[in-house]
Structures are given as structure tokens and as C-alpha cells.
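Participant: Below you will find the structure I want to go over with you.
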Amino acid sequence: MPADVISPSSHAVLKHARFSAYKAREVLGQIKGMHATRALALLEATDRAAAIPIAKLLSSALANAETNEDLDKEDLYVSSCFADEATTMKRWRPRARGRATRIRKRTCHITIVVSRLPEEDLARLRSKKAAEATSRREKRVASTRKARVENSKTSVDVSEKEIKDGSEVSDESATRNEAAEKIAIDLELEQDDNLAEDEESGESPSEDESAHRSEASEKLAIDLEIEEEADNGEGE
């Protein structure tokens with residue numbers, strides 16, 4: 001960035017700051033020529049007592065530029081900043097053998113000037129910000145797409161698991177139905193065999209045997225219905 005820009009610019013002055021000009025210059029040297037917002041961030045992170053009033057002074061200079069000169073603070077940089085010696089207050093400290101030592105409480109005047117960046121620097125800064133915004137947008141879109149793909153994979157896995165569980169349940173119910181049908185066929189064949197034996201022997205089945213066989217058939221039918229209802233409930 002250029003060292004000095006005449007116009008358009010704005011400034012702010014702090015009178016009688018309660019620290020020496022030497023301490024103020026150590027902080028001012030770090031922000032000279034720096035972009036205004038970046039200089040503010042640097043001052044907030046600086047661990048020096050002089051950084052706090054200098055940060056307030058820089059904020060005042062930016063406010064003056066926006067109010068008086070109608071400038072945008074994003075287009076400003078610290079074109080000049082300096083500290084001058086101010087009043088030195090003299091105090092005394094008692095020492096040994098009745099002597100006294102002078103204490104010098106130094107003060108300073110601080111001036112900060114903010115100016116508008118040249119057009120080339122502004123164009124470069126705006127293109128950089130546009131590139132950063134595009135990069136952030138692309139990263140955000142990529143992360144959103146990745147999350148959407150992961151959600152779709154999860155839903156597909158859940159659907160496949162449900163289908164698999166349903167097929168297993170249907171296979172079990174089919175196996176049960178086949179076993180029940182086989183048992184029913186075996187009972188019918190057994191009844192037919194018993195009837196055939198009775199006919200060959202010329203004896204008619206007793207009422208107790210007939211009742212017992214009919215009860216067994218009814219019980220088997222009821223068991224089959226209960227199993228089918230249970231299978232339907234599990235499938236739902």
C-alpha cells in the first residue's frame with residue numbers, strides 16, 4: 001500500500017494520552033499502512049496498554065470518514081499515524097538521606113489519518129473478496145451435497161433392511177403354512193386309512209373315536225388360523 005495519500009481522507013486526534021510517545025510509537029508502527037479493519041483486529045489482539053486507546057482513536061477516525069467524507073470503511077487504510085510529546089508532569093519520590101528523586105509522568109498527542117485506497121488496490125481487494133466468497137459458497141454447496149448423499153444412502157440402507165426383514169418374515173410364514181398344510185394332509189390321510197380299515201373289518205367307528213377325530217381336526221384348523229393371524233400381524 002502507498003505510504004501517504006492526500007485525499008480523500010479523515011483523521012482523529014487524542015490529546016494528553018497518559019503514556020509516553022515511545023510506547024505509543026511501538027503500537028502505531030504495527031498498523032501504519034495497514035487496511036483499517038485489519039488494523040482494528042490487530043489492535044484488539046495486541047497485549048499492550050497503549051493499544052486500547054489507539055484502537056478507540058482509529059474507530060473514531062473511521063467514523064469521521066464515514067460521517068464527514070462519506071467514505072466506506074472497507075475502502076480505507078491507515079495512511080499516517082504518529083505520536084508527539086506532550087506535557088510531562090513532574091512528581092517527587094523520597095529517597096535515602098533526606099534526598100528526593102524526580103518522577104516524570106509523560107503524556108503524548110496521537111494522530112491517526114485514514115485515507116481511501118487507490119483504485120488499483122481497491123480493484124485487487126474486491127476481486128480477492130469475490131474469489132473468497134465464491135470459494136466459501138462452493139464449499140458450502142459441496143458440504144450440503146455430501147450431507148444429502150449420506151442421508152440418501154442411509155435411507156436406502158434402511159429400506160433394504162426393511163425389505164430383507166419383510167422377506168424373511170414372509171419366508172417364515174410360508175414355511176409355517178407349508179408345515180401346517182402337510183400336517184392337515186397327514187391327518188386327512190390317517191383318517192382315510194382308519195375309515196378304510198374300519199370298512200374292511202366291517203366295523204363302524206364308535207362315536208367317541210369320531211368325536212375325537214373331529215375335535216383334532218377342529219383344533220388343527222384353529223391353530224392354523226391363529227398362526228396365519230400372527231404372521232399377518234408381524235408382516236404389518
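Participant: What spacing in nm lies between the two simple spin-label points modelled at K56 and R136, each 7 Å away from Cα in the Cβ direction?
Facilitator: 3.1
Participant: Let me ask another. Based on Cα coordinates alone, diagonalise the gyration tensor for the stretch 9-117, multiply each eigenvalue by 5, take square roots, and list the semi-axes in whole Å, largest first.
Facilitator: Ellipsoid half-lengths, sorted descending, are 34, 13, 9 Å.
Participant: To make sure I understand, if each residue's beta carbon is the centre and we count other beta carbons within 10 Å, what order do I226, I54 fall in, fewest to most?
Facilitator: The order, fewest Cβ neighbours first, is I226, I54.
Participant: Using the Cα centre of the stretch 9-117 as the reference point, and only Cβ charges (+1 on K/R, -1 on D/E), how large is the resulting charge dipole? Debye, rounded to the nearest 20.
Facilitator: Roughly 1620 debye, rounded to the nearest 20.
Participant: What distance in nm separates the two pseudo spin-label positions at S152 and R124, each 7 Å out from Cα along the beta-carbon direction?
Facilitator: Placing both labels 7 Å along Cα→Cβ, they lie 4.4 nm apart.
Any read-out appearing in this document is the output of simple, stated calculations on the displayed coordinates, not a laboratory observation. Note that the coordinates shown come from a computational prediction; the quantities given were computed from them, not determined experimentally. Please note: Cβ atoms are built from the backbone with ideal geometry, for glycine as well, and neighbour counts cover all protein chains shown.
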